[in-house]
Every structure is written in C-alpha cells, then in structure tokens.
Amino acid sequence: MKCKVPKYQAIDGVPRCLGIEPEIFRENIKFKAGKGDVMQSTFPKSGTHWIQYVTQLILKKGHPIASHKEFTTNSCFLEYTKLN
C-alpha cells in the first residue's frame, strides 16, 4: 500500500500549503511590526483561532465580537493576507 503524501508547493525551496500565493508570501516575509502592532505566533493545530478570539476580547475590553466578519477583519494571517 502506497503512503499518501500531503499536497504542497515549494516557495523558495520551503514546503508551504497550496493556499498560499507565492508573491504575497514573499512580500509579507519582509513585514516589520510597528508600534501598536500585536503579533501572535502559535503552533499549527494548537488553537490559533481560539487565541485570536481571546486576544480580540482583551483588546475590546471584554466586549463580544459582533460577527464572523468583524472577527476576520481584525485578524489576519501574514502568509495569506495582502498587506497595504
């Protein structure tokens, strides 16, 4: 029986998931956090979205997030999001 290997793409020789656009990834790798930026770093499958939700609650002083759109607008993944 042949083992299944997850599908991936290599970006500059490093395996990355297929959902990442190489140009966006290469541009965002140069990102430098500025004053007031909040950076979150989690291991895969360790509750990243849950931590994002808790972080947003802290920043909003406990006021609940009104919608999924508000949640996704206030959090981004550098690998996937085109920055200004």
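Computed from the coordinates by the stated procedures, all read-outs in this text should not be read as laboratory data. It should be emphasised that the depicted structure is a prediction, and the values quoted were computed from it without experimental measurement. Here the Cβ positions follow ideal geometry from the backbone for every residue, glycine too, while neighbour counts run over all protein chains shown.
Key figures
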{"quantity": "Net length gained if the chain between K32 and K69 were fully extended (0.36 nm per residue, minus Cα distance)", "calculated": "10.7 nm"}
{"quantity": "Expected 222 nm ellipticity per residue - DSSP helices of 4 or more, -39500 (n - 2.57), all of the chain, to 500", "calculated": "-8000 deg cm²/dmol"}
{"quantity": "Size of electric dipole in the range 9-73: Cβ of Lys, Arg +1 and of Asp, Glu -1, about Cα centre, debye, nearest 20", "calculated": "260"}
{"quantity": "Computed lengthening from L83 to C17, 0.36 nm per intervening residue step minus Cα-Cα distance", "calculated": "21.8 nm"}
{"quantity": "Karplus-derived HN-Hα couplings along the range 20-34 (A = 6.51, B = -1.76, C = 1.60, θ = phi - 60°), whole Hz, x at Gly and Pro", "calculated": "8, 8, x, 5, 5, 4, 4, 5, 6, 5, 8, 4, 10, 5, x"}
{"quantity": "Chain lengthening between L59 and C76 when straightened (0.36 nm per residue, less Cα-Cα)", "calculated": "4.6 nm"}
{"quantity": "Rg ratio (alpha-carbon, reference 2.2 N^0.38 Å) - the chain", "calculated": "1.34"}
{"quantity": "Between the range 50-80 and the range 15-37, the alpha-carbon center distance in angstrom", "calculated": "19"}
